[in-house]
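Here is the structure we will look at.
The values are calculated or read from the model by the stated rules, or taken from the named source; none is laboratory data. Nothing here was measured: the structure is a model prediction, and the numbers come from that model. As a convention, Cβ positions derive from the backbone with ideal geometry for all residues, glycine included, and neighbour counts pool all protein chains shown.
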Amino acid sequence: MQDFVIIGWWRAGLFSSIFAPKNAKKLILEKTDKLGTKVLLSWWERANLTNIDIEATRDYFGQNKKAMISILRKFSQYDTISFFARFWIKTIEEDRWRIILESGNSRELLDFLTKKSKGNNTQIKTNFEVIDIIKKEDFFEIIWKSNEKIQSKKVLIRAWWQSFSQTWTTWDSYNFASKFGLKLAIPYRALSAFATKKNLSDISWVSLDLSMTLFDKLKNKNIYIEFWPFLFTHFWVSGPIVFNSSVSIWEYLNKLNLKEEEFEKYMLDNIALKLEFNLEKTPKRIIQFFELNPEKLEIILDLQNWRSWKEAKLTWGWVLLDELSNNLESKKNSWLYFAWEALDLSGKTGWFNLQLAWSTWYIVGTSI
């Protein structure tokens, strides 16, 4: 009998086990044989940690994003930096207030977390694909695909992404949460590029800083406004402000009480981008393509859809925070916890989601 089983690996899963009591028997179950695949693939193998400039309601999205205020009070970006500093792991600040390991080596981060986790009485079992979780009277029974069973008093489910498919991800956590009767937000691809109706081949791979407004033409309403790097490609647009707006549009469509199957049609018919240029800082190819001049500094791009699940950097949706206690335990199922992408919370691009990981897994680990 285990005291605490974490279903799903990655750096935050290790992080949670580090903060759980040492005398508790802890087990991490990973469905692949490649520990840390997401760590080593994400952001070109760089050791990303957090962002120093975080405001809860500004930088996160979700139906109850105000919950990020209390989450960050329990473990903030400053706590993340301090934790690694205690073990003489140096960090540096990059552009846009992003914090990384000074070495820039994801393998160093992975090895450190693995060592700390194992040193805290944690076992890691790979090639363990969970096909079912059954709630018994006072414990959970976790069933492997070969019918092997593991019993545990407490279980923590982190999200297995549908996005970022090269990390062997599925809908498992969504299915488990549904099985236990939790109310869920509709999952979707977050931090995604947008496909456009207009062919942009002539300016493909041109990037620049500009002001972008995501708006609803039908309701004449602005949904998201930001100034940041923007990238044109053949039939889609990308860059940090596009990624951020891809999260805000889903939050907006949810508030319209549309059915899931109506989201893409509403976007196709009504959602567009307004781009505002500064002629002095705009490449000639862009000026010529859109026929910009001092009297015409704005253009409208009609959107077609999000790009594919495979290209999205996050899957967002999952468990509504109203279903969970302050320590992220299910109100309906004692000793069942959810964290990070298993929650109806998502951050902007710029490593805000990494801080969401550290914070929520710290909260669960210290609550065991």
Quiz item: Across segment 194-234, what is the number of residues that are in a loop (DSSP other than H, G, I, E, B) and surrounded by fewer than 17 Cβ atoms within 10 Å (Cβ to Cβ)?
Solution: 10
Quiz prompt | Enumeration of residues in segment 97-145 that are assigned to a strand (DSSP E or B) and β-branched (Val, Ile, Thr) | solution = Ile99, Ile100, Thr122, Ile124, Val130, Ile131, Ile133, Ile134, Ile142, Ile143
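Rundown of residues vs (1) of a type in the set (Gly, Ala, Ser); (2) under 24 Å from Asn333 (Cα atoms); (3) outside the structural domain of Phe352 (by TED's automatic domain parsing); (4) surrounded by fewer than 15 Cβ atoms within 10 Å (Cβ to Cβ), yes/no style:
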position	(1), (2), (3), (4)
Arg73	no, no, no, yes
Thr114	no, no, no, no
Gln123	no, no, no, yes
Glu148	no, yes, no, yes
Gln151	no, yes, no, yes
Quiz item: With respect to Val237, is the statement that it is in contact (Cβ under 8 Å) with a residue 40 or more places away in the chain and assigned to a strand (DSSP E or B) true?
Solution: yes
Quiz item: Residues of segment 47-71 being among the small types (Gly, Ala, Ser) and surrounded by 14 or more Cβ atoms within 10 Å (Cβ to Cβ), which ones?
Solution: Ala47, Ala56, Gly62, Ala67
Quiz item: Does at least one position in segment 340-347 carry a residue that is among the acidic types (Asp, Glu), closer than 30 Å to Trp97 by Cα and at pLDDT below 95?
Solution: yes
Quiz item: Can we say Asn105 is more than 24 Å from Gly365 (Cα to Cα) and either modelled with pLDDT under 90 or of a type in the set (A, V, I, L, M) (or both)?
Solution: yes
Practice problem: Keeping to segment 124-149, report how many residues are within 19 Å of Ser16 (Cβ to Cβ) and of a type in the set (D, E, K, R). | Solution: 1
Quiz item: Do we have any residue at all in segment 346-358 that's without any contact (Cβ under 8 Å) to a residue 12 or more places away in the chain and in contact with a Leu (Cβ under 8 Å, 6 or more places away or on another chain)?
Solution: no
Self-check item: Residue count for segment 125-168, restricted to those that are of a type in the set (Val, Ile, Thr) and modelled with pLDDT under 90
Solution: 5
